[in-house]
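Read the structure below first, then the notes.
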Amino acid sequence: MKQRPYPKRTGKSRAVLVLALCTLETLGLGVSQTSAAPMEGPGGRIGLRRAAVAPPNSRPSPPAPLPLPPLPAGVEELRFEDFFKVPVGPRGLEVTDRVQSLNGRRVRIVGQMVREETSTCSTTPRTDAKGRPLPAWMEALVPGRMLLAPSSVLLSMCHYGLSDDLPPQTLYVSVPEKIGEPVPYVRGWLALTGVLSVGPKAESDGRISVLRLELESPWPQPNEVLALGDSTRR
Amino acid sequence: MKHNPLIQLLNASILVLAGAQSSEAASAITRLTPPSALFSFGDSSAPYISRFLPGQRFDLQCTVAPDSGKTVTSVSFKVDGKPLKGTVNLTPATVTGLPAGTTVATLRAYFNTAAKVHTFEATATLNDGSTAAATGNFEIVKTPSTGAVKNVIFMIGDGMGATHRTAARIMSRGVEMGKALEPLAMDTFPSTGMAMTASLNSIITDSAPGAACYSTGNKSNNNQQGVFPDDTLDKFDNPRVEYIGEYLARTQGAWLGIVTTSDVFDATPAAFAVHTQDRGAGTGICDQYLDEAAVKANLRVLLGGGRKWFLPSTTAGSARADASDYVLPAELGSGWGVAQGTLDKDRDLLAAFQAQGFQYASNRETLLSVPATATKLLGLFALSNMNVAKDKIDGRRSASTVVNDYGFPDQPMLDEMTEKALQVLSKNKKGFCLMVEGASIDKQAHAMDTERWILDTIEFDRAVAKAKAFAEKNRNTLVIVAADHECAGVAVIGASTVTNAALTTRAASGGGSAQLRTGVVGVYESAGFPSYALAPDGYPTTTDVDYKMLVGYAGNADRYEDWLTNSKPLRDSQQPFNNVAPLSTYPSGPLNRDVAGAFLVTGQVPGSSAVHSASDIPVSAYGPGNILFTGVYDNTEVFFRVMRLMGLR
């Protein structure tokens, strides 16, 4: 006779319940974008190497191990997942001790440039300093600054204003060679080196930054994207 | 749309008359609020679109499109032919595409105590002395002055249709030889009916009007809660309808409690306290919980996720921004006697709640340790939505690290939150209104994550049991179990005909439908009676049993399906850690999950998420007068039947 697995509402012979813990697979975290093996590469600049897009009926591969150049002397590797303490405390996110210790020091980090919508809900198109219409999407509304996120992010000021899904891990990167001009769009993974600063700061676009990077490395050209995998599938 | 030939004839006559006048004056009232079929279709018969309690406040409003070159100088309102006193505020319409000079005229916080259908008229006067007028109607619903019910508990399973209940019953109670071995707690309620869920502008509602129908008795457009649509872009200036919590606080001194497993700014919780046409305006919504709901509705309990709206923008993890904040027009603030608000993204809303006497709990441990004497309680257990029941319970069993990955390893279950809310609210001798939402029944049905919405329905039912137990001891308590809508068109289609081991092999085979449909999906008698075992914590020991229950989706987007329980939920874009490891390794959509089996189920809807359906939803009632909730009725009727049992006092 098949045993009833459920407690009965009436009757004396309640089935004994056994707590059998679910044997879930351990979390395969894949290869994070910065758990990379050291690489070769001329002068620390990385050439384009497109990752194959996974066929539609297979699991998307985690990004391939990235051959990053060896860290220059005095530069620390920084990862987005290192930014904040886990578990979260009773209030907001708290910067980890390691990141706090890197305040004012040179770091390298891999991420993707946030795309910021240039148009607003008004019908007047935005223009550059010379009155030329700006493209619908570009890197940054704030001249000389771009946002580096852990993965691909689009921001629409028209639809969400500042209440969007910009991750709190976003790094606010000032680009000295682009002072006073919009930072051009570069799609894909970027490895940026610069000086980290930590702590809340009001930005000119109304946001509050927590972590910022003063870029040292040259601004990459569009064909110098890291081959870390297809960002749209992450 | 009406199809009565006589009405169509009348409409045609009206059009002819309007045409005759157009050569002289094309100025017109293009919107008249509250909405009515009389205004929209010239139909003065039932059903009446807008209905209110005697004394329930609501705004009268019209939009006037003047003829070219003219301006609107004044607007007056009449009800049953009698001019109304009070200030009619004129403000420019700001939605695009309207004629120049289009003006919105509002009379705030009107009420009427005479139970019958009323006709109302708006007359606009223009600068050349010409006028434009329009007529609509609304009903004041007869409601007794006293009632047997003092406390009302709305248990809302977001997206919970009949099948969500069926699946939870099969998994948590079992079926043998054709009979359920036990009912769910919500099945034990003596009366059940079905509610129709269409919103003001669609047969398919979303959660905002789908929940606000219970708290206002009225319809609204999708995305809107506690308001009627208007012709301005302002998120917070829409014509309002008084909420049940506001009404009961004002007339009876009752308290309000809101409990959810989602972010507290989400549509269903906010639809019991905050009036807005934009369910996404999180900063303003959460500010108004304190600025307005705590003052006007006696909000005493607020539990859920969404801490990101309560932290000053200078704190990492905050989502506060001026763009999602609120500032009410002065005329609205004075008309309703509420705070106007200010753009204050740097506000420490959490500390502000505490300064108002709210005890704050940040996790399960601190929630359970809140003293029994507490009379105000704020619990924010995650920065955004809380984790779902499966991941919370697996975390407690040390069977998964999902809650750790989210950064909140110690989140309470919904029944624990419900018990604590009742402990606080029951201190008020003048009664209370409590809304408890099982939010992720909907969210996981959208994700077509079968086991996760089933476990969330089980979690919700365990909270229902707590509410019922309270009502058993406090006989003047009415418990309503409902949903805002059905989500995903779910159906139990049968059961697997293979063991879990065999299914696991097939799911890794890449064999597509030949491996995962043929020979697996058992229908009719092949389904038999899937059998799950419960752990002492009340949840299944495993959801991957041999010959498991199988669920299909009528509202599905493209998805891969292997029938096995997903070890990880889909990524939630609102989570602050969403974009970094390990959450960034979670599947991002139903095409990035279960792909090894190569069994693609082609969606009937575009996008990557299953959709709400128009299916009626079950409503179950426990407590005095529960018999009123049998039958098939409009969702707004629930509000009026609850109030019939509570009385106006």
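Taking amide H atoms as placed 1.01 Å from N in the peptide plane, the amide H of B:ILE493 lies under 5 Å from those of B:LEU550, B:VAL551, B:GLY552, each 5 or more residues away in sequence or on another chain. Taking amide H positions as modeled 1.01 Å from N, with prolines and chain starts lacking one, the residues under 5 Å from B:MET194 and 5 or more places away or on another chain are B:VAL619, B:GLY631, B:VAL632, B:TYR633.
Order by neighbour count: B:LEU343, B:LEU383, B:LEU570, fewest other Cβ atoms within 10 Å first, most last. Let's see the in-between values first.
Numbers: B:LEU343 15, B:LEU383 29, B:LEU570 22.
Starting with the residue having the fewest Cβ neighbours, the order is B:LEU343, B:LEU570, B:LEU383.
Mean sequence separation of contacting Cα pairs (under 8 Å, at least six apart), scaled by the length of region B:358-407, corresponds to a relative contact order of 29 percent. Arranged from fewest to most other beta-carbon atoms within 10 Å of their beta carbon, B:MET194, A:MET113, B:MET177 become B:MET177, B:MET194, A:MET113. Expressed to the nearest 5 percent, the antiparallel share of DSSP beta bridges inside chain B is 60 percent.
Ignoring aspartates and glutamates fewer than eight residues from B:LYS85 along the same chain, the ones with Cα atoms less than 18 angstrom from its Cα are B:ASP59, B:GLU121, B:GLU331.
By how many degrees, 0 to 90 and rounded to 10, does the Cα axis of helix B:414-425 deviate from the longest principal axis of chain B? Once rounded, the angle reads 50 degrees. Cross-link partners of A:LYS130 among aspartates and glutamates, defined as those whose alpha carbon lies under 18 angstrom from its own and excluding same-chain residues fewer than eight positions apart: A:GLU181. Among the residues of B:567-579, the average count of other protein chain beta-carbon atoms within 10 Å of the residue beta-carbon is 5. Distance from the Cα centroid of region B:314-379 to that of region B:84-140 is 34 Å (rounded to whole angstrom). As a proxy for reagent exposure, B:HIS612, B:HIS118, B:HIS275 were ordered by neighbouring Cβ count within 10 angstrom, fewest first; the result is B:HIS118, B:HIS612, B:HIS275.
B:GLY161 sits among other residues whose Cβ lies under 14 Å from its own Cβ, and their net charge, with Lys and Arg +1 and Asp and Glu -1, is -4. Mean residue ellipticity at 222 nm, helices only, chain B: -7000 deg cm²/dmol; runs of at least 4 DSSP H residues each add -39,500 (n - 2.57), and the sum is divided by the number of residues.
Expressed as a rounded percentage, what relative contact order does chain B have, with Cα pairs under 8 Å and six or more residues apart? Dividing the mean separation by the residue count of chain B yields 18 percent. Residue by residue along B:581-593, Cβ atoms of other protein chains within 10 Å of the local Cβ number 5 on average.
Taken about its Cα centre, region B:562-649 carries a charge dipole of about 280 debye when Lys and Arg each add +1 at the Cβ and Asp and Glu each add -1 at the Cβ. Rounded to the nearest 20, the size of the Cβ-charge dipole of region B:494-649 about its Cα centre is 260 debye, with Lys and Arg at +1 and Asp and Glu at -1. Counting only residues at least eight positions apart within a chain, or on another chain, the lysines with an alpha carbon under 30 Å from that of B:LYS78 are B:LYS2, B:LYS70, B:LYS116, B:LYS142, B:LYS219, B:LYS235, B:LYS296.
Other protein chain C-beta atoms within 10 Å of residue C-beta, averaged over A:91-98: 5.
Every read-out reported here was derived from the displayed coordinates using simple, explicitly stated rules and does not represent laboratory data. Everything numeric in this text was worked out from a predicted model, so none of it was measured. All Cβ positions, glycine included, derive from the backbone under ideal geometry; neighbour counts span all protein chains shown.
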